[in-house]
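The values are calculated or read from the model by the stated rules, or taken from the named source; none is laboratory data. Computed from a predicted model, the values in this text were never measured in an experiment. Every residue, glycine as well, gets a Cβ built from its backbone with ideal geometry; the counts of neighbours run over all protein chains shown.
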Amino acid sequence: MTGTETTLETRTGEGHQTWTMRFPPVNAISPEFLDALEHNLDTALADESVSVVVLTSGLRVFSAGADASWIGEVVKAHGSAHLLQQFKATMDRFRELCLRMRRSDLLFVAALNGHTLAGGLELAAACDLRFAADSDRLQIGASEMKLFGVLPSGGGGTQYLTRLAGPGRMLDFVLEAEPCGSRRALELGLVERLYPAEDLLEETESFAARIAKRAGRIGVNAAKRGILDAATLPLYEALEFDRAVHWDAMRRGGFLPGIDAFVERFG
């Protein structure tokens, strides 16, 4: 593959897929990138055998956000006012795809193997889990406030990030607009696990395979709904929601086959 080719490469394992972003030079969030993301999402959702998706990069950067080249071309051709309209349309589409990922019955795990900045951090935050390379050189951050005086929220990033780190810490993070290393990101709650850079993808794919085998789509969906969705509800509403999710998963998932196997073995 040459450095000029762009693709969202898909590799399928047992119950899971790995999507490797190759949009040189920095996996920018562009219309072309969103076309590929939407295609992969539609295809994975249509394949009932897939329960977990690992999202990673084939470049030195996970993603550095909006496409600076595309922005420059639009401004030169049509002016900055026209860019605002085009940018909003692109970011609204990005926001909708991030929301589809979160609402889906697929578990999305971002393997952050390079700098994760601006819209790239929003994409990672929209995933359900984030595992990162344990490297002092890796930078994770939202630079929008420093560069443009705006929020990092084209893809809904402020909302996903706030639910990870909490309002106070995220307000400080967004206003200072300084990137941090992966260990600080772990402390803030922006990532859940760190692995040596050389082991990151293998460990993340191993996790994906375990969860796909253990939970399948029904188990994944129940966990996402019962934890991520219910966490935004008042306690009593959350308990009733949890009850419905739990019993639906018990009815449709692996509980009864598991009980039969358990009784046969120990009964």
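Couple of notes before you dig in:
- Those residues of region 13-55 which are under 18 Å from the mean Cα position of the chain (by Cα) and among the hydroxyl-bearing types (S, T, Y), in sequence order: T18, T20, S30, T43, S51
- The sole residue among S80, S63, S51 that is of a type outside the set (F, W, Y) and surrounded by fewer than 21 Cβ atoms within 10 Å (Cβ to Cβ) is S80.
- The set of residues from region 89-114 being without any contact (Cβ under 8 Å) to a residue 60 or more places away in the chain and either under 23 Å from A222 (Cβ atoms) or in contact with a strand residue (DSSP E or B) (Cβ under 9 Å, 6 or more places away or on another chain) (or both) comprises L99, R100, R103, F108, A110, G114.
- The residues listed here are A165, A185, A177, A197; of these, the one that is at positive phi and assigned by TED's automatic domain parsing to the domain that holds L112 is A177.
- Residue check for E178: in contact (Cβ under 8 Å) with a residue 12 or more places away in the chain, under 21 Å from C98 (Cα atoms) and not aliphatic (A, V, I, L, M): no
- Candidate set: region 220-244, residues that are surrounded by 19 or more Cβ atoms within 10 Å (Cβ to Cβ) and without any contact (Cβ under 8 Å) to a residue 40 or more places away in the chain; chosen: the one farthest from the chain's Cα centre (by Cα): A222
- When R102, R130 are checked against the criterion of being part of a helix (DSSP H, G or I), at pLDDT 95 or above and within 25 Å of R163 (Cα to Cα), a single residue qualifies: R102.
- Test: residue in region 147-160 that is touching a Gly at 6+ places or on another chain (Cβ under 6 Å), modelled with pLDDT of 95 or more and assigned to a helix (DSSP H, G or I): no
- Enumeration of residues in region 171-181 that are under 16 Å from Q139 (Cα atoms) and hydrophobic (A, V, I, L, M, F, W, C): F173, V174, A177, C180
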